[in-house]
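The values are calculated or read from the model by the stated rules, or taken from the named source; none is laboratory data. From a predicted model like this one, the values you see are computed outputs, not experimental measurements. Note that each Cβ is placed from the backbone with ideal geometry, even for glycine, and that neighbours are counted across all protein chains shown.
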């Protein structure tokens, strides 16, 4: 029996709606390209403010991606492999930042880690202040990006063939050996995909960062915050920096296309 082909004529209504959907996404990008002051683009991108924001964005997003992997991968493991009461509730809470309004996330971070927060007051007494600091920007970016790593790792672990670990155990491999030489090599594509997506999400973070860490040039002003500030004084610079963020995001999606579409 032959399988039905996935190719064929596309219904007109599907084609029209698909074209409308594509236009809905493409038109704002075309608007940026059309309104960009291309003759001044290089000078706008090489100002001290733009370069500082770019450097800070790279630093914050890389540290956030690293923290997301260090904290999110074990969470993904627990959600995929462990059995305990309330696991579904924990999963819902862990991935909540994906749908939580960023400003609400920032207020929550203030309530927990601010100077008068649940834990922040203890940190402040110990001489550690996260608000209005680069570390605070990293914390905010990690909060919103870590769920991407959790989801990728949990999905990867659920798709692994348990027989491979079983065979290694039968041959006398210890749990640590199986983790290092069987599970992690098989899980590498999902780990890489989760880390890169977390980095891209952290690079574009705005709401939680400005609410929790503020908008201080050289300390917490990342590229999205620089765009927000420039929009009020220099719209041309805001458009050029926005296009830089678009280019970085497109580059990530193109590089990760095969992993994102893999079964």
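Can you list residue pairs whose Cβ atoms sit under 6 Å apart, with the first residue in region 91-113 being within 18 Å of residue 136 (Cα to Cα) and the second being surrounded by fewer than 16 Cβ atoms within 10 Å (Cβ to Cβ)? Count only pairs 6 or more apart in sequence or on different chains.
Listed by first residue and then by second, the contacts come to 112/118; 112/119; 113/119.
Within region 69-95, which residues are outside any helix (DSSP H, G or I) and either at positive phi or more than 19 Å from the chain's Cα centre (by Cα) (or both)?
82, 83, 84, 85, 86, listed by residue number.
Please specify each residue of region 24-64 satisfying the condition of being in a loop (DSSP other than H, G, I, E, B) and either within 22 Å of the chain's Cα centre (by Cα) or in contact (Cβ under 8 Å) with a residue 40 or more places away in the chain (or both).
Matches in region 24-64: 36, 37, 47.
Quick one: how many residues across region 108-122 are surrounded by fewer than 16 Cβ atoms within 10 Å (Cβ to Cβ) and closer than 24 Å to residue 198 by Cβ?
Adding up the residues that qualify gives 3.
Could you please give the count of residues in region 96-128 that are more than 19 Å from residue 206 (Cβ to Cβ), part of a helix (DSSP H, G or I) and touching a helix residue (DSSP H, G or I) at 6+ places or on another chain (Cβ under 9 Å)?
So the answer is 4.
From the list 73, 18, 34, 23, which residue is surrounded by fewer than 16 Cβ atoms within 10 Å (Cβ to Cβ) and farther than 30 Å from residue 231 by Cβ?
The match here is 18.
One residue is enough: does region 123-130 have a residue meeting the conditions modelled with pLDDT of 90 or more and under 20 Å from residue 210 (Cβ atoms)?
Yes, region 123-130 contains a residue that is modelled with pLDDT of 90 or more and under 20 Å from residue 210 (Cβ atoms).
I need the full set of residues from region 200-224 which are more than 11 Å from residue 140 (Cβ to Cβ) and surrounded by 23 or more Cβ atoms within 10 Å (Cβ to Cβ), in order please.
201, 203, 221, 223
Enumerate the helices (runs of 4 or more DSSP H) found wholly within region 147-263, keeping only those where 2 or more residues are modelled with pLDDT of 80 or more, out of contact with any helix residue (DSSP H, G or I) (no Cβ under 8 Å at 6 or more places or on another chain) and within 22 Å of residue 37 (Cα to Cα).
223-233, 235-255
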